[in-house]
C-alpha cells in the first residue's frame, strides 16, 4: 500500500555527506580542493539512490544495480581501477535502462519474485565487476608511428579525432614535419591520415576507421595519442575525443583558431601568452582546466548549465565573461568560448 511507503531520505543523505566532506576538508583530514573531492564523490548519487529505494520499500532490482554501479564508479575515481569513471559510464549507461525495466517487472510482486529479481541484478553486477576489473586490453592495442611532412605548406588546418583514450598535443615536430608522434589503437582499427596542399595551405585529417572501437573492451589500458605539431607555421587546430582526456599545450605553437572537444572526461589546455587566438572548448560532462600564463590577455565566455567555475584573484567576471588582469573586451589577444553543461571549469594562473 502507498500509505506504508516511507519518506525519501535522498536529499537528507546528500546534505549529510556534503556536510561531512566539507567538515573533514576544513579540518585537514581530507586535504585538497573541495570541488575536486566532490567531483570524485559524484558516484555516491547512485549509492544514495539505491539506499533510498530500499528505505522507501521500492523495487530491489534497481537498488542493487544502483549500489553496484555507484561502487564501481567510486572505485574508479579513487584509482582502484585503471578505468576512469566517465569512460565506464559511457559504456555502462544502458544498464540504467535495464535496471529500470527489471524494476518495473518485479516491483510489487511476491517475495519469491523479488528474490529472483535480486539474483538477476547480482548476476548483472558480477558481469560489470568482471568487465571493470578483469579485462586487460593492453595486448589488443597496437602502436603506430605517425609523421606528416609539410610538403611546402606555409599554413595548415589540422583535425585530429580520437574516439576513446588520452590525447596529448604539444609543440616540437622536427625538421619540415607538420606533425609527428605515436597513436595507440585497438586491433581491427586503422589510422586514416589524409593530407593535401593547395596554394601552400595544408589540410590534415587524422582519424580512425574500422570496427575495433565497437568491440574493444576498454579496461586496464587507455589508448594514448602523443603528437607534436610544428612550431614554424600558423595553424587552425581541431582536436576531438568522445571519452577520455585531451591535454593540449599551446606553448610555442602558432595557433590562430582552436576547437577542442571532449564529450565525456577531462580537457586541459595550456595557453601561450604570445598567441592571438580564437578558440572554442567543449566538454558536455567532465572538467575543463585552463592554464593561463601571467600577463596573458584572455577573455573567456562561459556557457554553462549546472557547472561550477573558479575565478582567480585579479580576474574580473562580468556576467558570463571573465577577463584576466589588464584584459578588456577591446585588447584581449586570446578569446575562448567555453561550453560545459555539467562539471567544473578551473582557471589556473601559471608563471
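For the chain, what's the relative contact order in percent, using C-alpha pairs closer than 8 Å and at least 6 residues apart? Intermediate values should be presented prior to the final figure.
Working: 762 pairs, mean separation 42.9, N = 351.
Dividing the mean separation by the residue count of the chain yields 12 percent.
Using a 10 angstrom cutoff on alpha carbons, build the Gaussian network for the chain and name the most mobile of 194, 272, 232.
194
Using a/c under 1.5 as the rounded threshold, could you call region 236-351 rounded, prolate or oblate? The axes a ≥ b ≥ c are square roots of the C-alpha gyration tensor eigenvalues, and prolate needs a/b larger than b/c, oblate otherwise.
Working: a/c = 1.72, a/b = 1.19, b/c = 1.44.
Here region 236-351 falls in the oblate category.
How far, in degrees from 0 to 90, does helix 10-26 lean away from the longest principal axis of the Cα atoms of the chain, to the nearest 10?
With rounding to tens, the tilt is 50 degrees.
Rounded to whole Å and sorted largest first, list the principal axis extents of the Cα atoms in region 266-334.
Rounded to whole Å, the extents work out to 31, 23, 20 Å.
Determine the shape class of region 2-134: with a ≥ b ≥ c the square roots of the Cα gyration tensor eigenvalues, call it rounded for a/c under 1.5, and otherwise prolate if a/b is greater than b/c, oblate otherwise.
Details: a/c = 2.94, a/b = 1.37, b/c = 2.14.
In terms of gyration-tensor shape, oblate.
With everything on Cα atoms, drop me the angle between helix 60-77 and the longest principal axis of the chain, reported from 0 to 90° to the nearest 10.
40
Which order results if 301, 58, 287 are arranged by neighbouring Cβ count within 10 Å, fewest first? Present the calculation step by step, with values, prior to reporting the outcome.
On the way: 301 14, 58 17, 287 21.
Arranged by neighbour count, lowest to highest, 301, 58, 287 become 301, 58, 287.
In whole angstrom, how far apart do the alpha carbon centroids of region 282-351 and region 61-79 sit?
33
Of the labelled options [x] 162; [y] 130; [z] 170, which one gives volume of the Cα convex hull per residue in Å³ as computed for this structure?
Recomputing volume of the Cα convex hull per residue in Å³ here gives the entry labelled [x].
From the alpha carbon gyration tensor of region 1-79, can you work out the equivalent ellipsoid semi-axes (sqrt of 5 times each eigenvalue) and give them in Å, largest to smallest?
Values: eigenvalues 151, 50, 8 Å².
Working through the eigenvalues yields semi-axes of 27, 16, 6 Å.
For the residues 7, 201, 309, what sequence is obtained by ranking on other C-beta atoms within 10 Å, fewest first?
Numbers: 7 9, 201 15, 309 19.
Ranked by crowding around the Cβ, least crowded first: 7, 201, 309.
What ranking, highest mean first, results for peptides 276-284, 120-128, 242-250, 17-25 when packing means the other Cβ atoms within 10 Å averaged over each residue?
242-250, 276-284, 120-128, 17-25
Mind pulling the angle between the C-alpha long axis of helix 44-55 and the longest principal axis of the chain? Nearest 10 degrees, somewhere in 0 to 90.
The two axes meet at around 10 degrees.
Coordinate-derived values only; no laboratory data. Since the structure is predicted, the reported quantities are computational estimates derived from the model, not experimental observations. Please note: Cβ atoms are built from the backbone with ideal geometry, for glycine as well, and neighbour counts cover all protein chains shown.
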